[in-house]
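Notes to accompany the following structure.
The values are calculated or read from the model by the stated rules, or taken from the named source; none is laboratory data. Bear in mind that the values here come from a model prediction, so they are computed numbers and not experimental data. With ideal geometry, Cβ positions are generated from the backbone for all residues, glycine too; neighbour counts draw on all protein chains shown.
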Amino acid sequence: MSHSQPSKVNPASLNISADQLSELRRIFPQVFAENKIDWEKLKALLGEEVDSRPEKFSFTWAGKSNAFKAIRVPSSGTLVPQEKESKNWDTTENLFIEGDNLEVLKLLQAHYREKIKMIYIDPPYNTGKDFIYKDNFTENLSDYYERTGQASGGIKMTSNLESNGRYHSDWLTMMYPRLFMARNLLRDDGVIFVSIDDNEVHHLRMIMDEIFGEENFVADFVWKRRASSALADNNVSIDHEYIWVYRKGDFKGFSGVEKDYSAYTNADNSERGEWTLGDLTVGMTKDQRPNQFYDLVDPVSGNIFPASTNRVWSYIPSTMNALLKDGKIFFPKDPTKKPMLKRYKSDLKTDKNPVSTLINNKKSNFYSGLNSEGTKIIQELFNSKIMDYPKPISLIKSLINQITSNDDIILDFFAGSGTTAHAVMDLNAEDGGNRKWICVQLPEQTDDNSEAKKAGYNTIAEIARERIRRAGETLRQAQGDKVRDIGFKALQLSQSNYRQWSAPVEQDEEKLKAQLKLFTEKPLVDNYEEKSVVYEILVKEGFDLNAEVSQSKLGKLAVLVVKEGDNRIVFSFASKITMPDVASLTLSEHDTFVCLDSAMDDTTRVNVGRGVRIKVI
């Protein structure tokens, strides 16, 4: 099998703008002329769907153009393996990624696009006391790496004070590109849950409508988060938060809440099985429903049961007679009481009730514990209150249980203390599932006087990783092998292994030539780690970060081999690959061979390219 000439490995993340333009070209090829969109042709094709009114509804804010700019700029960064921070690196399929979540979401686009079943996030609420991510669209990853101050313990975040003139705008500009990228990652039947409070709930609805489409709004859940009242302005205790739910597209709905059958019995030994009694009246007057105002007669005792003038029978006479004939009317012996409808369990169309939009700690409903549950779990794991107000795992478990099945992937890119990861593992232990999770958390510094800092945790990401380790071990001790995967691969957002172009400050021709020569001959940075380069290429070429990576030797070449299903990617970082090296390679047509562009001459390229795909760095 022959292959085309070698192609370059992509040094940046998926270009979202170019990708969407390509999709538009696929759908409307006729509106493109000389590689540009002919807007008049597009309008003509769409016809009445184009809103050309001078006054129309729109939502904008100071900085919205920067949000779109953030979407357009690909990430040149990479995800570096942190095997020492990981747990069960070789076998786990879970990912914990430390770094700015916008950059990470961009890097995840190539492989995880349309593969995530569920996203849950608990972003900053913009209370005036918490931080928001300060995106700098001229900043490169080198600046980010320096700003995070990883050598000195993480990034120091500043509060978004209400006195800031762009208080709401800054929050919207931070959230918009992240939600945009998140939507791309969802499967067509995927769902996103966003926790929020009163500070930005109105703005969140508007940007969610814009990004996901208002027709894809699913529900606004209200979660009761505490039992006791708290002092507040106007003598009102705010005891709830919201969880907004949007779908990507073809969402089949929530699984529902198990029905309570405790009231069902079979006192009369009916052949139909268990039954319970239900109301046989409806809240209408005889004037509103005159055909439902009549006397009901017990065919056995002859007792007459008149309808109430303010609450008539639920059915017209013909329907009621059919129910009588079918044995579904229960007549009391006391004529002063009302007949009831016998509801047979066997007649139920489903064994589930719809979920209520009110989330509380009642087992018969969409169940969740209070905030105090989250605090208690952290206290038990660390013997210290090292995090304020973590979400209860029962809340996240309820959401996951309603939406996902055995092998689904759940993403949380505001991971905090790692509640989502903990909840996934806990639910897997309960039902034997094999759900996977991806958590992303900024290396945000802990406060200098906090319990976390005193316990030796410099960043929130450190707390999350340790929480997940401890939670996993606790589950394993309690549940044994029922918990399939309590590990995670730890990765860290970092600078690319590719040299980044830096134009000379002065127009010096010799310096420019020297830099061009360096980029051509040595595209990778000095002292790069081969495994780190492999993972960067996996990320940007769209391969699974859980693919097996191993060191090996093919013929005379030391290589790193990546296995993903039946396919292999073979990496060689040899500075020179000769014909004898090529002859000793045992590669198949399903393999991809990756090497330095300068490692092979033209003849060697041709010989290698006859049997395998070649990509060059």
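Of the conditions (1) closer than 24 Å to D260 by Cα; (2) under 49 Å from the mean Cα position of the chain (by Cα); (3) aliphatic (A, V, I, L, M); (4) modelled with pLDDT of 90 or more, I329 clears all except one; give me its number.
(2)
Every residue in region 402-426 that is part of a helix (DSSP H, G or I) and surrounded by fewer than 20 Cβ atoms within 10 Å (Cβ to Cβ), please.
Q402
Inspect all residues belonging to region 350-369 and state whether any of them is closer than 22 Å to A455 by Cα, of a type in the set (A, V, I, L, M) and in contact with a helix residue (DSSP H, G or I) (Cβ under 8 Å, 6 or more places away or on another chain).
Looking through region 350-369, none of the residues is closer than 22 Å to A455 by Cα, of a type in the set (A, V, I, L, M) and in contact with a helix residue (DSSP H, G or I) (Cβ under 8 Å, 6 or more places away or on another chain).
Condition first: under 19 Å from the mean Cα position of the chain (by Cα), under 13 Å from F488 (Cα atoms) and not polar (S, T, N, Q). Can you find one or more residues in region 426-434 that meet it?
Checking region 426-434: not a single residue is under 19 Å from the mean Cα position of the chain (by Cα), under 13 Å from F488 (Cα atoms) and not polar (S, T, N, Q).
With respect to G154, determine if the residue is at pLDDT 95 or above, surrounded by 14 or more Cβ atoms within 10 Å (Cβ to Cβ) and of a type in the set (G, A, S).
Spelling it out, it is not the case that G154 is at pLDDT 95 or above, surrounded by 14 or more Cβ atoms within 10 Å (Cβ to Cβ) and of a type in the set (G, A, S).
Of all residues in region 550-577 being buried (at least 20 other Cβ atoms within 10 Å of the Cβ) and closer than 24 Å to G77 by Cβ, which is farthest from the chain's Cα centre (by Cα)?
So the residue we want is F571.
Which ones in region 290-314 are out of contact with any helix residue (DSSP H, G or I) (no Cβ under 9 Å at 6 or more places or on another chain) and not hydrophobic (A, V, I, L, M, F, W, C)?
Within region 290-314, P290, D295, D298, S301, G302, N303, P306, S308, T309, N310, R311 meet the criteria.
Could you please tell me which pairs satisfy a Cβ distance under 8 Å, a separation of 6+ or placement on different chains, a first residue in region 67-85 that is more than 26 Å from L524 (Cβ to Cβ) and touching a residue at least 12 places away in the same chain (Cβ under 8 Å), and a second residue that is among the aliphatic types (A, V, I, L, M) and in a helix (DSSP H, G or I)?
Here the result reads A67/L172; A70/L102; I71/I16; I71/M181; R72/I16, each pair linking region 67-85 to a residue that is among the aliphatic types (A, V, I, L, M) and in a helix (DSSP H, G or I).
Among the residues of region 413-425, is any assigned by the TED database to the domain that holds D100, under 21 Å from F254 (Cβ atoms) and not hydroxyl-bearing (S, T, Y)?
Yes, some residue in region 413-425 is assigned by the TED database to the domain that holds D100, under 21 Å from F254 (Cβ atoms) and not hydroxyl-bearing (S, T, Y).
Within region 585-612, how many residues turn out to be at pLDDT below 85 and either of a type in the set (V, I, T) or not assigned by the TED database to the domain that holds S552 (or both)?
Within region 585-612, residues that are at pLDDT below 85 and either of a type in the set (V, I, T) or not assigned by the TED database to the domain that holds S552 (or both) number 6.
So which residues in region 367-397 are polar (S, T, N, Q) and either free of Cβ contacts under 8 Å to residues at least 12 places away in the same chain or buried (at least 16 other Cβ atoms within 10 Å of the Cβ) (or both), if there are any at all?
Residues satisfying the conditions are S368, N371, T375, Q379, N383, S394.
Only residues that are aliphatic (A, V, I, L, M), assigned to a loop (DSSP other than H, G, I, E, B) and in contact with a Lys or Arg (Cβ under 8 Å, 6 or more places away or on another chain): list them for region 361-386, please.
L370
Would you call S394 assigned to a helix (DSSP H, G or I) and of a type in the set (S, T, Y)?
It is true that S394 is assigned to a helix (DSSP H, G or I) and of a type in the set (S, T, Y).
Might you check whether a residue that is part of a strand (DSSP E or B), surrounded by 15 or more Cβ atoms within 10 Å (Cβ to Cβ) and not assigned by the TED database to the domain that holds V104 occurs anywhere in region 529-545?
Checking region 529-545: not a single residue is part of a strand (DSSP E or B), surrounded by 15 or more Cβ atoms within 10 Å (Cβ to Cβ) and not assigned by the TED database to the domain that holds V104.
Which one of these is farther than 30 Å from L280 by Cβ and touching a Leu at 6+ places or on another chain (Cβ under 6 Å): K376, K397?
Only one candidate passes the filter, namely K397.
Applying the selection to region 213-228, what residues are outside any helix (DSSP H, G or I) and surrounded by fewer than 20 Cβ atoms within 10 Å (Cβ to Cβ)?
G213, F217, V218, A219, D220, V222, K224, R226, A227, S228
Can you name every residue in region 605-617 that is over 11 Å from P6 (Cβ atoms) and free of Cβ contacts under 8 Å to residues at least 40 places away in the same chain?
N607
Considering only residues that are assigned to a loop (DSSP other than H, G, I, E, B) and of a type in the set (S, T, N, Q), which ones fall in region 567-612?
Passing the criteria: S572, S575, T578, T586, S588.
Can you pull out the residues in region 224-248 that are within 30 Å of L185 (Cβ to Cβ) and at pLDDT below 90?
R225, H240
Can you give me the number of residues within region 184-212 that are assigned to a helix (DSSP H, G or I) and of a type in the set (D, E)?
The qualifying residues number 2.
Which of (1) surrounded by 19 or more Cβ atoms within 10 Å (Cβ to Cβ); (2) at pLDDT 95 or above; (3) over 16 Å from F414 (Cα atoms); (4) out of contact with any strand residue (DSSP E or B) (no Cβ under 7 Å at 6 or more places or on another chain) is the odd one out, the single condition N88 does not satisfy?
(1)
Would you please list the contacts, defined by Cβ atoms under 7 Å and residues six or more apart or on different chains, that run from a residue in region 244-267 that is among the charged types (D, E, K, R) to a residue that is assigned to a loop (DSSP other than H, G, I, E, B)?
Close Cβ pairs satisfying both conditions: E258/D351; K259/D351; D260/S364.
Restrict the check to region 282-302 and report whether at least one residue is within 46 Å of the chain's Cα centre (by Cα) and in a loop (DSSP other than H, G, I, E, B).
Within region 282-302 (the criterion being within 46 Å of the chain's Cα centre (by Cα) and in a loop (DSSP other than H, G, I, E, B)), the answer is yes, since at least one residue qualifies.
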